[in-house]
Each structure stands twice: as C-alpha cells, then as structure tokens.
1. Residue check: is Ala45 touching a residue at least 24 places away in the same chain (Cβ under 8 Å), surrounded by 11 or more Cβ atoms within 10 Å (Cβ to Cβ) and outside any loop (DSSP other than H, G, I, E, B)?
2. Only residues in segment 25-36 that are under 16 Å from Arg102 (Cβ atoms) count as the first member; pair them with residues that are among the basic types (Lys, Arg) and exposed (fewer than 10 other Cβ atoms within 10 Å of the Cβ), Cβ under 8 angstrom, at least 6 apart or cross-chain, and list the lot.
3. Taking the condition in contact (Cβ under 8 Å) with a residue 24 or more places away in the chain, assigned to a helix (DSSP H, G or I) and over 15 Å from the mean Cα position of the chain (by Cα), does Arg77 pass?
4. Please enumerate the residues belonging to segment 48-61 that are part of a helix (DSSP H, G or I) and either loosely packed, with under 12 Cβ neighbours inside 10 Å or not charged (D, E, K, R) (or both).
5. With the condition kept exactly as written, say whether any residue in segment 47-54 is within 24 Å of Ser101 (Cα to Cα), modelled with pLDDT of 90 or more and not polar (S, T, N, Q).
6. Just checking, how many residues over segment 66-96 are of a type outside the set (Gly, Ala, Ser), open to solvent by less than 60 Å² (accessible area, probe 1.4 Å) and over 27 Å from Thr43 (Cβ atoms)?
Amino acid sequence: MSSQSEAHGSGELARELAKTLDELDSGRLGPDEVRELLEGLTTLATAVTRVLDDLRACPVLREREHELGLLAFQTIRSKLEQAAAAAEDLQVSAEALCRLSR
C-alpha cells in the first residue's frame, strides 16, 4: 500500500473511530465494560501519541518549512507538540483509572 493510500485509510479509520465514540453512551456501561473502555482509551492514547510524534518528525513538514514560512512552520510544530502532550496526559490518566477500577 502506498503512503498516500495508507494515510487516506488512516484518516478514514480515525473518522470512523470518532463517530463510534461519539455515539457511545458510557452512562449505560457496567463495571467490566467501563474497565474495557478505559483500557481501550489507554491503547488509543498511546497510538495517538506515537502518530503525533511521527508527524513531528515527518520529512514533509521539514521540506515544506520554506514554503510554509517560518512562523507557520513553528506554529504547526508547536500545535503538534501540544497535541502529543495532551495525548500523553490522556494515556497516563486512563492508565491510572484502569488501576483504580481493578
């Protein structure tokens, strides 16, 4: 699979996951389902952190630095770093909640 089709497929997968999570009624979950959801959120946060780290190191962003301009490039990098930090926070929080729910 080419990188472009892989990225397109990844984007579609992320949209499907977001839709599924939006439709989730967590108020109706039992204890085992809550624990399973928290474990899934931990795994999801780990994956999102990795993807954001990969994007920060993405050669395309570095190659486009001059095209984007320094300010836009720095803004993109800063936003990716903030998003990665937020994903790491989610991962740590979900892991802690998993431990407490056992």
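1. Answer is yes for this residue.
2. Once the first residue is under 16 Å from Arg102 (Cβ atoms) and sits in segment 25-36, its partners that are among the basic types (Lys, Arg) and exposed (fewer than 10 other Cβ atoms within 10 Å of the Cβ) give Arg35/Arg102.
3. no
4. Val48, Thr49, Val51, Leu52, Asp54, Leu55, Pro59, Val60, Leu61
5. So far as segment 47-54 goes, yes, one or more of its residues are within 24 Å of Ser101 (Cα to Cα), modelled with pLDDT of 90 or more and not polar (S, T, N, Q).
6. Final tally of qualifying residues: 2.
The values are calculated or read from the model by the stated rules, or taken from the named source; none is laboratory data. Because the structure is a prediction, the values reported are computed rather than measured. Cβ atoms come from the backbone with ideal geometry, glycine included; neighbour counts cover every protein chain shown. Surface accessibility is based on the protein's heavy atoms, side chains included, excluding ligands, DNA and RNA. Shrake-Rupley method; radii C 1.70, N 1.55, O 1.52, S 1.80 Å.
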